[in-house]
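Engineer: The following block contains the structure, expressed as structure tokens.
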Amino acid sequence: MSYQMLLQELAVGFGTMQVIADKINLGGTSWAWLVGATARLPRRASAGPGPLRTMALYRTEERGQPHSPDYRLFFKNVAGHYISPFHDIPLKVDSEENVFNMVVEVPRWTNAKMEIATKEPLNPIKQDVKDGKLRYVANIFPHKGYIWNYGALPQTWEDPHRKDKSTDCCGDNDPIDVCEIGSKVLSCGEVVHVKILGVLALIDQGETDWKLIAINVNDPEASKFHDIEDVKKYKPGYLEAMLNWFRFCKIPEGKPENQFAFNGEFKNKAFALEIIKSTHECWKALLMDKCDGGAKNCTNVQVCDSPFRCSQEEARSLVESVSFSLNKGSNEEDQVWHFLGQ
């Protein structure tokens, strides 16, 4: 029985138990509830399509203080072993064609630029730093921070040495980004199941930076969304706001407007799934040391045959070796609105 199948069977055992809290804090360690986790009744049970089951498959562990340069959020699996959210969390949810794991980095309406640390062992989430300062996204009127839950698909990589045939630009050297448009504000470090609706091709300083549009499968409105046209139908104005957000987000930093491939057109689900497939293949090459990964850290615990695989004991030692300060961080989040003309 595979690891993922075992987790499914465990989930079934939870029956109809409802999750009352999204997170249970346990002294710096929190369980990340997979709100979209689905585990159908075993095929031998002739009860038809089963109800959704919810269980905690991953939890996070904080090191250091939030809003400080040395803050890190490490991940553990259901057995309590440290893992990499970049490499060890599966891309797809079993054999579901259009259900993927999403690692949430930035909750909606927040400003801190949290991201998977792709150059560090086990790739914890950290706050991005530039020129010695913690980075926060600006508030561009009428928005506050990020206007969706922002994160990434694990086991994907936009290869900076591979030119995309549709954009004629190479990748941005990161996992593929996800904008989750559901109604719930998620938490940093949550791992949720999402279905893909479409994709936007942002061109950032000559690099392709794909932005997937997705929705949490357990969102109350998820059943209405199947493709990018449904976003236009049920959330009118949202895609236009998204395009403008990405277009202007760096102007307060003194940078020019971002550009887009396809004249800013959002591509549909079928197109997006092909992009995911391509970035997953690039990640496979990275983990098998078949391409130039540069400074990317490929340490993992669960990827069979990867030359970068380490033991559970080695993973624990890596985490314990991380130094951090107990001094409380300072939240310098920008509280002003930036008014930008066309």
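Engineer: Ordered by packing density, taken as the mean number of other Cβ atoms within 10 Å over each peptide's residues, highest first, how do 174-182, 58-66, 117-125 rank?
Structural biologist: 174-182, 117-125, 58-66
Engineer: Something else about it: Once amide H atoms are built 1.01 Å from N in the peptide plane, which residues 5 or more positions from residue 204, or in another chain, come under 5 Å H to H?
Structural biologist: Residues meeting the amide H criterion: 209.
Engineer: Give me the number: length gained by fully extending residue 295 to residue 185, i.e. 0.36 nm times residue separation minus the C-alpha to C-alpha distance, one decimal in nm.
Structural biologist: Details: separation 110, 0.36 × 110 = 39.60 nm, distance 3.27 nm.
Here the segment from residue 295 to residue 185 would lengthen by 36.3 nm.
Engineer: Spelling out what I want: for every residue of region 297-307, take phi, set θ = phi - 60°, compute 6.51 cos²θ - 1.76 cosθ + 1.60 (Karplus), and round to whole Hz; glycine and proline get x.
Structural biologist: These are the phi-based 3J(HN,Hα) values: 9, 9, 4, 9, 10, 10, 8, 4, 6, 6, x Hz.
Engineer: Rounded to whole Hz and in sequence order, give me ³J(HN,Hα) for region 136-148 from the Karplus expression 6.51 cos²θ - 1.76 cosθ + 1.60, θ = phi - 60°, writing x for Gly and Pro.
Structural biologist: Karplus-based 3J(HN,Hα) across region 136-148 equals 10, 6, 6, 8, 9, 3, x, 9, 10, x, 6, 9, 8 Hz.
Engineer: Also, I was wondering about something else. Rounded if a/c is under 1.5, else prolate if a/b beats b/c, else oblate: with a ≥ b ≥ c from the C-alpha gyration tensor eigenvalues square-rooted, which is region 157-304?
Structural biologist: Here region 157-304 falls in the oblate category.
Engineer: May I ask which of 130/211; 235/290; 233/296 have a Cα-Cα span longer than 31 Å here?
Structural biologist: Beyond 31 Å between Cα atoms: 235/290; 233/296.
Engineer: Shifting gears a bit: Can you list the HN-Hα couplings for region 245-258, worked out from phi with the Karplus curve (6.51, -1.76, 1.60; θ = phi - 60°), rounded to whole Hz and with x for Gly and Pro?
Structural biologist: Running phi through 6.51 cos²θ - 1.76 cosθ + 1.60 with θ = phi - 60° gives 4, 5, 5, 9, 4, 9, 4, x, 8, x, 9, x, 4, 6 Hz.
Engineer: What full-extension length gain, to one decimal in nm, is calculated for residue 259 and residue 70 as 0.36 nm per residue of separation minus the Cα-Cα distance? Please report the intermediate quantities before stating the final value.
Structural biologist: Working: separation 189, 0.36 × 189 = 68.04 nm, distance 3.26 nm.
Additional length available on full extension: 64.8 nm.
Engineer: How do 323-329, 69-75, 310-316, 136-142 rank on mean C-beta neighbours within 10 Å, highest first?
Structural biologist: On the way: 323-329: 11.0, 69-75: 20.9, 310-316: 14.9, 136-142: 16.7.
In descending order of packing, they fall as 69-75, 136-142, 310-316, 323-329.
Engineer: Using amide H atoms built in the peptide plane, which far-off residues or other-chain residues are under 5 Å from residue 300 H to H?
Structural biologist: Here the answer is 309, 310, since their amide H atoms fall under 5 Å of that of residue 300.
Engineer: Now for a different question. Using the 10 angstrom Cβ neighbour count as an exposure proxy, how do 68, 330, 84, 317 rank, fewest first?
Structural biologist: Taking fewest neighbouring Cβ atoms as first place, the list is 330, 317, 68, 84.
Engineer: Quick query: amide H of residue 266 versus all other amide H atoms, modeled in the peptide plane; which residues come in under 5 Å with a sequence gap of 5 or more or a different chain?
Structural biologist: Distant-sequence amide H within range of residue 266: zero hits.
Engineer: Using 0.36 nm per residue of separation minus the Cα-Cα distance, give me the extension gain between residue 325 and residue 234 in nm, one decimal.
Structural biologist: Between residue 325 and residue 234, full extension yields an extra 28.1 nm.
Engineer: Express in whole angstrom the spacing between the alpha-carbon centres of region 249-276 and region 95-157.
Structural biologist: 16 Å
Here, each number is a calculation from the coordinates, and none is a lab measurement. As the structure is a prediction and not an experimental result, all values here were calculated from the model. Please note: Cβ atoms are built from the backbone with ideal geometry, for glycine as well, and neighbour counts cover all protein chains shown.
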